[in-house]
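Since every read-out is calculated from the coordinates, none of them should be taken as a lab result. All figures in this text were calculated on a predicted structure; none of them were measured in a lab. Note: ideal-geometry Cβ built from the backbone for every residue, glycine included; neighbour counts use all protein chains shown.
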Amino acid sequence: MGALHPQVVHFTIVLAIIGVAFRLVSLLGKPAFASPAATTLLLLAAVSSVVSVRSGTAAHGPVERAPGARPAVMEHEEWGERTQTTLLVVGAIEILGLLVRKSPKVRLVHTLAAVAGLVAVFCVYEAGEHGGELVYGYAGGVGIRSGDPKDVERLLLAGYYHQALAERSAGHSEQAADLLAAAAARFPADPEVRMLEADSILRDRKNPQGAVDALAKIDLPSGNRFMAFQRATLQADAYEALGQKDAAASALESVIKTFPNPRLQQRIDALRK
């Protein structure tokens, strides 16, 4: 059930917000369908909130065990439970409204539902904000939600890549190169990862010949225009850094024979001058 948490929780968010909006509109008396629509949506939101909390509880174990993530998990859970409580209260008020729908007091009940609904929307926002922090700040659930080892591998690769970018931005070129070299060692059959390593050899290690050698060993999937352009451009950059403009132009010419490209042709013309 934990794997369904992202889907279920978004239903709860939408149902709650739209339901409260309809309840507020219904206090104006028009349109006539606003009140029954609000009741339906808010009752569904109350039920959905229970499923959201249960699915979140089922999903939190592996996320919580990640170093440093426990406080963020607990805070998200607390706001999720508050959201469930407030939506259940709103649902109870809506049921009361159904029971007194022919009474003059029904407007007062709907007003109480609207006020409680606004509190629920605030809780929904806080639960969502802390959930977003957990996912995007702590990688909570990223790569592990499905239980597929391939997802974990993609998470690891993303970690190598983004940490390398952070190291590069901080001026730590060698650390960035080491990370991308480790990624290439971990994923030796992935041509994109190996091109990242080659680019890092050129950019971070300032070793154009090493980049040329690394690029020569990469086998690209046939027909992949983007990767063909990427390798040719990297080869041209490396050869140009070595002062070999003819070799740089030849590298680009080899790819535009198959995949014509005006921008690469402009660069070839500049190199041939």
>> Please go through region 133-154 and give me each residue that is assigned to a helix (DSSP H, G or I) and either farther than 27 Å from Ala183 by Cα or touching a helix residue (DSSP H, G or I) at 6+ places or on another chain (Cβ under 8 Å) (or both), ordered by number.
In response: Glu133, Leu134, Gly137, Tyr138
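Does Leu43 satisfy being outside any helix (DSSP H, G or I) and either touching a residue at least 12 places away in the same chain (Cβ under 8 Å) or out of contact with any Lys or Arg (no Cβ under 7 Å at 6 or more places or on another chain) (or both)? It would help to see each step written out before you state the result.
Values: outside any helix (DSSP H, G or I): no; either touching a residue at least 12 places away in the same chain (Cβ under 8 Å) or out of contact with any Lys or Arg (no Cβ under 7 Å at 6 or more places or on another chain) (or both): yes.
So Leu43 does not fit the description; no.
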> Mind checking which pairs have a first residue in region 153-177 that is without any contact (Cβ under 8 Å) to a residue 60 or more places away in the chain and a second that is among the aromatic types (Phe, Trp, Tyr), Cβ under 9 Å, 6 or more apart or different chains?
Replying inline: Glu153/Phe187; Leu156/Phe187; Leu157/Phe187; Tyr160/Phe187
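Taking region 50-99, which residues are outside any helix (DSSP H, G or I), touching a helix residue (DSSP H, G or I) at 6+ places or on another chain (Cβ under 8 Å) and exposed (fewer than 15 other Cβ atoms within 10 Å of the Cβ)? Steps first, please.
So in region 50-99, the residues outside any helix (DSSP H, G or I) come out as 65-69.
Of the ones still in play, those that are also touching a helix residue (DSSP H, G or I) at 6+ places or on another chain (Cβ under 8 Å) are 66, 68-69.
Residue satisfying the conditions is Gly68 alone.
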> Which residues, counting only those in region 1-21, are surrounded by fewer than 22 Cβ atoms within 10 Å (Cβ to Cβ), in a helix (DSSP H, G or I) and either of a type outside the set (S, T, N, Q) or touching a residue at least 24 places away in the same chain (Cβ under 8 Å) (or both)?
Replying inline: Gly2, Ala3, Leu4, Pro6, Val8, His10, Phe11, Ile13, Val14, Ile17, Ile18, Ala21
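Please pick out the residue among Arg168, Arg145 that is of a type in the set (Lys, Arg), closer than 13 Å to Val63 by Cβ and surrounded by 14 or more Cβ atoms within 10 Å (Cβ to Cβ). Let's see the steps before the verdict.
Working: Arg168 fails: closer than 13 Å to Val63 by Cβ.
It is Arg145.
A quick yes/no check of all residues on (1) farther than 18 Å from Leu157 by Cβ; (2) of a type in the set (D, E, K, R); (3) assigned to a helix (DSSP H, G or I):
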residue	(1), (2), (3)
Pro188	no, no, no
Arg194	no, yes, yes
Glu240	yes, yes, yes
Leu252	yes, no, yes
> Only one of (1) under 24 Å from Pro260 (Cα atoms); (2) under 30 Å from the mean Cα position of the chain (by Cα); (3) β-branched (Val, Ile, Thr) is not met by Val193, so which one is it?
Replying inline: (1)
> Which residues, taken from region 126-181, are over 18 Å from the mean Cα position of the chain (by Cα) and within 29 Å of Glu81 (Cα to Cα)?
Replying inline: Glu126
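Return the total of residues in region 100-125 being in a helix (DSSP H, G or I) and more than 36 Å from the chain's Cα centre (by Cα). Before you say what the answer is, go through the steps one by one.
Quick first cut of region 100-125, residues in a helix (DSSP H, G or I) only: 106-125.
Restricting the remaining residues to those that are more than 36 Å from the chain's Cα centre (by Cα) gives 106-112.
Here the count works out to 7.
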>> Suppose we filter region 210-224 for residues that are charged (D, E, K, R) and either crowded, with 16+ Cβ neighbours inside 10 Å or in a helix (DSSP H, G or I) (or both); how many remain?
In response: 1
> Can you tell which of Glu192, Glu253 is of a type in the set (Asp, Glu) and either within 30 Å of Gly171 (Cβ to Cβ) or buried (at least 18 other Cβ atoms within 10 Å of the Cβ) (or both)?
Replying inline: Glu192
